[in-house]
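Participant: Quick one: this structure, given as structure tokens, is what I'll be asking you about.
All of the numbers you see were taken from the coordinates with simple rules; none came from a lab. Nothing here was measured: the structure is a model prediction, and the numbers come from that model. Glycine also receives a Cβ, built like all others from the backbone with ideal geometry; neighbour counts cover every protein chain displayed.
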């Protein structure tokens, strides 16, 4: 019993030390050109001929928390048979249109090019549950 209490106290002390090393919160303000992930995820992507070629399903970040790319869903129907690919953010132009009050995404690619791209699979850590 005494060893359990000492072990719990040690873990608590280590956890407190880890929190002590965290930086204090830094509060930000968004600018008109900024985007929220909730505005981008779910937006249909169109090619240069205005054909629907996929949907932004997710946003990938690198280890420094910088946006690395967009996960696009190509093909499939109602979530079945979808092919996922990750494209660089510079490949997709995402913008808000004041006239129709919607977010739009366009890229210079065809559905065939996206379907032939290396597939991303939601497996392992990419399929982990959220806390």
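Participant: Mind checking whether some residue in segment 55-69 is more than 23 Å from residue 127 (Cβ to Cβ) and surrounded by 10 or more Cβ atoms within 10 Å (Cβ to Cβ)?
Facilitator: The answer is no; no qualifying residue exists.
Participant: Within the group 99, 116, 128, which residue is within 18 Å of residue 37 (Cβ to Cβ), surrounded by fewer than 14 Cβ atoms within 10 Å (Cβ to Cβ) and either free of Cβ contacts under 8 Å to residues at least 60 places away in the same chain or under 16 Å from the mean Cα position of the chain (by Cα) (or both)?
Facilitator: Within the list 99, 116, 128, the selection yields 128.
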